[in-house]
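Following: one structure in structure tokens, then a few remarks.
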Amino acid sequence: MFSTGPTGFRVEVSPEGSLLLRGELDMHTVEDLQARIDGIMVPGQAIVLDLAQLTFLDTSAVHCFIKTCAESGHPVVLLNTTKSVRRILDLVDLEPAAWVFDREGRSPATV
């Protein structure tokens, strides 16, 4: 199951329930992601995003992560974050954090 935005951005739901993101996540495609998150969100459970094939994100993605964290009550868990995407997210200083990276030793069950 997937949705495709006008610039080739895709969101797929994995069998484990995480969302696999492909392409560029920006102000033109973030609504696709937000709609998919809204469709699977369960209050009290973290949303897990696999970013292995995400090539770009802008501040609209940051706003989406903040909204999702506020609504779910948990930081968004980001798996397989590429160096370029991680660099962008490292520039944003949030307290408390709206997302966590998989290599920080946290799993969706403990977030």
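Yes/no matrix, rows are residues, columns are (1) touching a Pro at 6+ places or on another chain (Cβ under 6 Å); (2) modelled with pLDDT of 95 or more:
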site: PRO15; (1), (2): no, no
site: LEU33; (1), (2): no, yes
site: ILE40; (1), (2): no, no
site: VAL48; (1), (2): yes, yes
site: PHE56; (1), (2): no, no
site: GLU71; (1), (2): no, no
site: LEU79; (1), (2): no, yes
site: LYS83; (1), (2): no, no
site: ARG86; (1), (2): no, no
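For the range 37-81, how many residues are among the hydroxyl-bearing types (Ser, Thr, Tyr) and within 16 Å of ARG10 (Cβ to Cβ)?
Residues flagged as among the hydroxyl-bearing types (Ser, Thr, Tyr) and within 16 Å of ARG10 (Cβ to Cβ) within the range 37-81 amount to 1.
Could you please tell me which pairs satisfy a Cβ distance under 6 Å, a separation of 6+ or placement on different chains, a first residue in the range 74-88 that is crowded, with 18+ Cβ neighbours inside 10 Å, and a second residue that is of a type outside the set (Asp, Glu) and part of a helix (DSSP H, G or I)?
PRO75/CYS69; VAL76/PHE65; VAL76/THR68; VAL76/CYS69
Residues that are assigned to a helix (DSSP H, G or I), over 19 Å from ALA98 (Cα atoms), of a type in the set (Gly, Ala, Ser) and over 10 Å from the mean Cα position of the chain (by Cα): does the range 24-39 have at least one?
Looking for residues that are assigned to a helix (DSSP H, G or I), over 19 Å from ALA98 (Cα atoms), of a type in the set (Gly, Ala, Ser) and over 10 Å from the mean Cα position of the chain (by Cα), one finds at least one in the range 24-39, hence yes.
Which one is modelled with the lowest pLDDT, of the residues in the range 1-13 that are over 14 Å from the mean Cα position of the chain (by Cα) and in a loop (DSSP other than H, G, I, E, B)?
MET1
Could you grab me the full set of residues in the range 11-27 that are crowded, with 18+ Cβ neighbours inside 10 Å and charged (D, E, K, R)?
Hit for the range 11-27 is ARG22, nothing else.
The values are calculated or read from the model by the stated rules, or taken from the named source; none is laboratory data. Please read all numbers here as calculations on a predicted model, not as lab measurements. Note that we place each Cβ from the backbone using ideal geometry, even for glycine, and neighbour counts take in every protein chain shown.
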